[in-house]
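Working notes, beginning with the structure itself.
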Amino acid sequence: MVKIAAQQRSVPQKLHLPVDSLAGVGPRVAAQLVRLSIESIGDLLWHLPLRYENRGQIVPLGYHLIGQSVLIHVTIAEAKSLMRGKARQVAQGYDDAASITLWQFGRFGPTLQTGQSYLLFGEVREGASGLEMAQPELIQSAQLEAIVPIYPSTEGLSQSKLRTLVGQALRVALHDLDECLPAPIRQRFGWPTMLAALQRIHAPVLADGVPTRDEPAFARMIGEELLAHLLALRLKRHEQSRDHAPRLSAPGRLYQELLAQLHFLPTKAQTRVLDEIRADMAQGSPMLRLVQGDVGSGKTLVAAGAALTAIEQGYQVALMAPTALLAEQHQRNFSQWFSPLGIDVQLLSGQQSASERRASLAALAEARSLMVIGTHALFQERVAFDQLGLVIVDEQHRFGVHQRLALSDKGTHPDRAGHRPHQLVMTATPIPRTLAMSAYADLDVSIIDELPPGRTPITTALVRSDRRDQLIERISTVCAEGRQAYWVCPLVEDSERIEAQAAESTAELLREQLPHLTVGLVHGRMSAAEKNTQMARFKSHEVDLLVATTVIEVGVDVPNASLMIIENADRMGLAQLHQLRGRVGRGRTDSYCVLLFDEPISDKARARLSLMRETQDGFRLAEADLAQRGPGEILGTRQTGLAKLRVADLVRDADLLDTARQLADELIAAQSPDIKPLIQRWVGAAHQYGQV
Ligand code: ADP
Ligand code: MG
């Protein structure tokens, strides 16, 4: 159990003041700063330079400078004013090493005179007749600024303005900045104080050279941010484990009854993971466990086993799915499994009629119903549970940390303060180790690392989209053999309407080309009832070919489908393609996945698609996605906990994550008084991880 020592600290006041309390910040500049997420004076400190310009060192001209911004000292051999065209002046300058053409455009910049020498700063490029510099900045030797940080900025906000403001913030920091890491820790890692790190990063001196990302000043800052986030998550975890949860240690009679009806045995991995879950649920504190299992690994059975453990002792279970389609599929599966055991399974979705919904709500509130499955509708205020013992969240990556916590709060009854349900979170998205440690630092993890027997590998092919004709034949053959196929239409970012239209016209076209087949259609603009009908028809094999948008990405289970065609695969992330591909290969026949792409295709995109062909290992694909597209792609944009990182980058700074983890353990074990200020600085006082 963690307690934060209530040690009195000097509260840094000024850094928390709004940025417009600085000289030179009016409403216009303040609005520009907001666009950079800078609202307080302190925020300026964490706005790190993108790069630096070394204006302190004159460099001799040479071709190795091409592409660099440098300070040169040149004498003008010839200067010409140009009256026409865009250039105002062109001059030829030289130093001891080489010569360079200098262009001036527009009204601004120095007028260079023949025979005079100048200190000029700018980017050296290669032009038609050798070295060139456009729009050089004239530097007075008296105002040599040495190393100049260049910040990410926004329209209308100049670099010099930003530099001045950061400079003012640094002066405030001189008096007001808390040092949150004790000296022994800093010494161990060779880290400077935060103030020294900030000075090095924002106001480097020439003698120390241009700062680089891998030096201690950056390590200190990035490490501290990661540490603060880990601490926040850990504390939330501790907070929750202080709460009470029902001890659920049923013998498992219902689960045995369920297994007796199935035509298969659970895999070793399913059994092991269910045992881990059971052990958690038998404790008096709330379980918080993440189950990772690749597509088709059989997470639903594990969820059912967990649910039956709670139900056997008279507690209610809520299962939350990311889409209405998936919620209804779960409801059908669970009903099929549970009704022989005499257990009623309710559905709660936004698309139910008012009276259906009222009936479901009443059944839950009175605990007549022990199992409920739903979508976001489960979060709604009016959903009350009588005896919620377990919350299961399927396909966690579609939800944020906060939503998950909101549902768990449902179990906290006013007359049972400090009680919460157990939580089981399931995801098919393999989460790379680095992310699992940070995004899910508040969860224990179980992995279903085995697929049910008898699965055949999926052959993946890359096909240019103008070879569609071949595909039509392929579909024909597959369906003639009694199998079924999916055709997935392109993802249209932010427009369900366009996406649906594309799917409709594709279905239309395929119906013409494959008149002997029944072509179904499912997209996000359909009502849940329509979607259901379509899915049911596909499942019962009334439909041979299902044209779909990416709504079928998660969870849909039709083992007879053995061919999947994905249009515009080059635009999708690997994790998403892997999910889609997981819809086939669920039966005993050979399965195929065809990834369609348009020429021209970038080398990077081609390499990504080739990786899909090479491997079916979800972890490998997720690592590749993480490296190429960043954590948002894997965890979904809703993982706000991560999106708020200011200076750290989970991919680039993975090595510091280990250090941060070690430090988090130490600080928590020591009940360090630094924990609170660290969290406050980086995660914010109003953060949602918990009431730390
Ligand atoms: P996912 O982990 O992707 O959610 P599902 O739970 O939907 O996977 O399971 C995929 C399919 O495998 C389902 O048809 C399910 O009934 C079946 N299945 C689950 N466990 C086993 C098992 N141990 N042996 C054989 N089939 C299984
Ligand atoms: Mg599933």
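The values are calculated or read from the model by the stated rules, or taken from the named source; none is laboratory data. Not measured: the values here are computed from a predicted model. Every residue, glycine as well, gets a Cβ built from its backbone with ideal geometry; the counts of neighbours run over all protein chains shown.
Annotations for the structure displayed:
- Odd one out for F385, checked against (1) closer than 23 Å to R525 by Cα; (2) under 32 Å from the mean Cα position of the chain (by Cα): (1)
- Going through (1) assigned to a helix (DSSP H, G or I); (2) surrounded by fewer than 21 Cβ atoms within 10 Å (Cβ to Cβ); (3) in contact (Cβ under 8 Å) with a residue 60 or more places away in the chain one by one, G156 falls short only on (1).
- Only a single item in (1) assigned to a loop (DSSP other than H, G, I, E, B); (2) surrounded by 13 or more Cβ atoms within 10 Å (Cβ to Cβ) is not met by V90, and it is number (1).
- In summary, I448 fulfils each of the numbered conditions (1) out of contact with any Leu (no Cβ under 7 Å at 6 or more places or on another chain); (2) within 16 Å of ligand 2 (Cβ to nearest atom); (3) modelled with pLDDT under 85 with the single exception of condition (3).
- Qualifying residue in the stretch 559-575 (condition: over 24 Å from E496 (Cα atoms), buried (at least 19 other Cβ atoms within 10 Å of the Cβ) and within 16 Å of ligand 1 (Cβ to nearest atom)): yes
- Hits in the stretch 336-351 - residues which are free of Cβ contacts under 8 Å to residues at least 12 places away in the same chain and more than 16 Å from ligand 2 (Cβ to nearest atom): S339, G342
- The stretch 551-566, subset assigned to a loop (DSSP other than H, G, I, E, B) and farther than 12 Å from R581 by Cα, residue farthest from ligand 2 (Cβ to nearest atom): N560
- Screening A605 with (1) outside any loop (DSSP other than H, G, I, E, B); (2) among the small types (G, A, S); (3) closer than 21 Å to I472 by Cα gives one miss only, at (3).
- Out of L265, L290, one residue alone is closer than 23 Å to A428 by Cα, within 16 Å of ligand 2 (Cβ to nearest atom) and not assigned by TED's automatic domain parsing to the domain that holds R586. It is L290.
- All helices (runs of 4 or more DSSP H) inside the stretch 182-269 with 1 or more residues being touching a strand residue (DSSP E or B) at 6+ places or on another chain (Cβ under 9 Å): 194-202, 216-242
- Just one of the listed residues (T518, T460, T477, T549) is of a type in the set (S, T, N, Q) and touching a Gly at 6+ places or on another chain (Cβ under 9 Å), namely T549.
- Where a residue in the stretch 254-270 is more than 8 Å from ligand 1 (Cβ to nearest atom) and its partner, wherever it lies, is charged (D, E, K, R) and assigned to a loop (DSSP other than H, G, I, E, B), with Cβ under 8 Å and at least six apart: K268/E450; A269/D449; A269/E450
- Among (1) within 16 Å of ligand 2 (Cβ to nearest atom); (2) touching a Lys or Arg at 6+ places or on another chain (Cβ under 9 Å); (3) on the phi < 0 side of the Ramachandran plot - the single one Q576 does not satisfy: (2)
- Residues of the stretch 26-53 classified as surrounded by fewer than 20 Cβ atoms within 10 Å (Cβ to Cβ) and part of a strand (DSSP E or B), total: 3
- Filter result for L491 (closer than 20 Å to M612 by Cβ, touching a residue at least 12 places away in the same chain (Cβ under 8 Å) and out of contact with any strand residue (DSSP E or B) (no Cβ under 9 Å at 6 or more places or on another chain)): yes
- Residues in the stretch 288-320 that are in a loop (DSSP other than H, G, I, E, B), in contact with a strand residue (DSSP E or B) (Cβ under 7 Å, 6 or more places away or on another chain) and modelled with pLDDT under 90: S297 only.
- Answer residue from the stretch 387-402, given it is within 16 Å of ligand 2 (Cβ to nearest atom) and at pLDDT below 80 and is surrounded by the most Cβ atoms within 10 Å (Cβ to Cβ) among those: Q396
- Single residue of A417, A406, A384 found to be of a type in the set (A, V, I, L, M, F, W, C), modelled with pLDDT under 60 and surrounded by fewer than 18 Cβ atoms within 10 Å (Cβ to Cβ): A406
- Answer residue from the stretch 308-341, given it is among the β-branched types (V, I, T) and within 21 Å of L248 (Cβ to Cβ) and is surrounded by the fewest Cβ atoms within 10 Å (Cβ to Cβ) among those: I311
- Any hit, the stretch 505-521, residues being out of contact with any strand residue (DSSP E or B) (no Cβ under 9 Å at 6 or more places or on another chain), of a type in the set (A, V, I, L, M) and more than 16 Å from ligand 1 (Cβ to nearest atom): yes
- Residue under evaluation A365, criteria (1) out of contact with any Ser or Thr (no Cβ under 7 Å at 6 or more places or on another chain); (2) at pLDDT below 75; (3) more than 22 Å from D280 (Cβ to Cβ), criterion not met: (2)
- Within the stretch 652-684, the only residue that satisfies the criterion of being assigned to a helix (DSSP H, G or I), buried (at least 19 other Cβ atoms within 10 Å of the Cβ) and polar (S, T, N, Q) is Q680.
- Among the criteria (1) within 16 Å of ligand 1 (Cβ to nearest atom); (2) in contact with an Asp or Glu (Cβ under 9 Å, 6 or more places away or on another chain), the one M287 does not fulfil is (1).
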